[in-house]
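Taken together, the values in this text are just the output of simple stated rules run on the coordinates, not laboratory data. Computed from a predicted model, the values in this text were never measured in an experiment. As a convention, Cβ positions derive from the backbone with ideal geometry for all residues, glycine included, and neighbour counts pool all protein chains shown.
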């Protein structure tokens with residue numbers, strides 16, 4: 001079976017399925033067999049899968065009852081062998097000759113039923129939408145279906161969830177809905193297994209979508225070890241998470257995380273780059289006596305324009321121009337590397353504008369699943385598509401009416417949606433999916449990107465007419481390494497994150513390294529490093545041993561740094577050690593010219609341990 005992470009195009013997926021059907025000896029005129037299981041085998045199958053069926057029915061389907069009421073369709077649940085376990089909905093559209101194919105035990109594997117959503121999802125390991133004429137067997141071409149695999153807590157494919165109908169099903173929306181349903185089942189399977197004994201972290205790109213089925217879910221024990229994660233968490237963080245420590249993923253101390261007030265959102269930064277919001281829930285039955293955790297840090301305060309403008313001329317110019325243009329209804333396009341503070345700038349501009357009391361609606365165009373972004377942005381009427389909410393949806397653009405609409409990562413918006421957005425900006429009205437009257441909207445527009453939209457225009461990835469619509473004023477936030485107010489910025493971020501009792505600042509060595517650091521993650525990375533260092537330093541000044549290892553890795557990669565500090569030298573991968581391990585610690589330290597990371601790796605100890613030994617022997621006084 002294919003790796004679900006390695007999806008292929010829809011056309012290739014259907015062509016591969018038809019080729020398999022031919023190898024199975026089928027032809028388009030073949031009659032689907034649906035298998036012929038004995039009654040006792042079906043009863044045994046249903047008994048084995050009772051828990052899965054109950055989980056799907058009791059925990060998930062109540063949230064999607066609108067699917068059944070809005071259209072004539074069936075929701076089907078099949079096991080990993082393609083055998084039908086249960087169905088919900090209206091069967092009246094099913095052809096009389098195929099009624100047995102919708103009873104428990106019926107096989108929807110390709111070898112029995114040809115190309116179909118369930119069987120092809122199992123064969124490919126990924127979600128699929130099969131329209132009528134894409135079925136290999138003509139007998140099935142009255143059906144349209146979308147199916148998505150279900151994986152258990154150990155990432156084993158255990159079932160497939162399917163939505164089928166004899167009417168037209170919009171591929172993108174139906175596929176998005178069935179993916180969401182399968183994710184809901186997966187989440188519930190994880191929570192059912194680990195609910196009592198483990199911490200849960202739910203996180204997503206925005207605070208208002210933490211209760212979404214598309215939120216990332218991590219389950220971890222009191223030591224911080226992740227014991228399970230849903231696939232959305234993998235996608236958000238870009239790494240495989242099983243058996244990883246949670247405090248190595250997020251720039252937050254474990255004690256702070258487990259002591260976070262339950263159901264109170266917190267800000268998370270992952271690996272110094274990605275910014276998320278999250279909620280922590282504690283075990284229902286703790287396996288150990290709760291520890292006396294220290295009080296959680298004070299919540300972060302919003303940063304105003306004065307907090308951003310610390311003395312860099314380019315930043316000052318950006319703020320001054322953007323403030324003027326926002327009031328005059330000129331669209332603003334903010335360029336900048338990841339982590340330079342584009343979102344913080346937008347929030348501060350909104351707070352300082354005449355629309356401060358109106359909503360700021362932030363949309364990350366790269367984070368919303370492609371199947372759902374159109375409905376999320378423009379809204380939809382009741383019954384606009386399979387899975388549409390009974391009351392319809394306003395959409396994020398209409399929610400921004402009277403306020404500010406912030407489209408982050410706009411360069412990742414699909415081309416077809418760029419055309420719809422252009423129409424909204426031209427007409428100043430938005431028409432929801434499913435028809436109805438256009439609604440007038442009044443909002444100020446700010447967009448942001450870390451890409452060159454001009455290059456995207458030249459390559460055909462971004463519409464030229466939309467580019468000129470969104471870039472009335474184009475400004476660029478400089479990277480941290482190029483800012484002239486770096487010291488003031490470091491001080492401001494230190495003040496922002498320190499505890500009231502933490503008055504000790506940064507040691508001279510740390511200040512020098514901060515000044516010379518390349519900061520590839522920009523302000524986001526700086527903020528993360530300072531938070532980690534403050535947690536480790538407690539009430540002491542921040543010293544080198546309090547800095548995370550990644551900080552030194554970036555320094556070693558920066559060629560300029562080798563000439564600016566005697567603490568870091570070329571990597572030991574390219575330099576032979578000029579000493580032997582039986583020399584004194586002082587001799588070894590001097591032989592590698594004070595390269596602490598170099599020496600620590602050679603001795604096989606952590607930098608923190610080495611710093612303690614150096615300080616105990618009077619070699620290091622930092």
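Take each peptide in 119-126, 334-341, 174-181, count the other Cβ atoms within 10 Å of every residue, and average; sorted highest first, the result is 174-181, 119-126, 334-341. For the stretch 305-478, pairs of C-alpha atoms spaced more than 21 angstrom apart make up 48 percent of the total.
Per-residue extension of 0.36 nm, minus the Cα-Cα distance of residue 157 and residue 23, leaves a gain of 45.8 nm for this segment.
Placing dummy labels 7 Å off each Cα toward the beta-carbon, the span from residue 488 to residue 417 is 3.8 nm. As a rough footprinting exposure proxy, the listed residues 399, 138, 357 were ranked by other beta carbons within 10 Å of their own, and the order from fewest upward is 357, 138, 399.
Protection proxy ranking, highest mean first, for peptides 527-535, 424-432: 527-535, 424-432, where packing is the per-residue count of other beta-carbon atoms within 10 Å, averaged.
Legend: calculated FRET efficiency, residue 211 to residue 458, from the Cβ-Cβ distance at R0 = 45 Å, rounded to 0.05, equals 0.65. In this structure, residue 48 and residue 255 have a Cβ-Cβ separation that, at R0 = 60 Å, corresponds to a calculated FRET efficiency of about 0.90. Going from the fewest other Cβ atoms within 10 Å to the most, the residues 110, 39, 499 appear in the order 39, 499, 110. Taking every Cα-Cα distance in the stretch 195-281 and sorting them into 5 Å bins starting at zero, the pair-distance distribution P(r) comes out as 3, 16, 29, 31, 18, 3, 0 percent.
Distance between the pseudo-spin-label points of residue 465 and residue 503 (7 Å out from Cα toward the beta carbon): 6.4 nm. A P(r) calculated from all alpha carbon pairs of the stretch 75-179, with 10 Å bins opening at zero, reads 17, 54, 26, 2 percent. Placing dummy labels 7 Å off each Cα toward the beta-carbon, the span from residue 281 to residue 328 is 5.1 nm.
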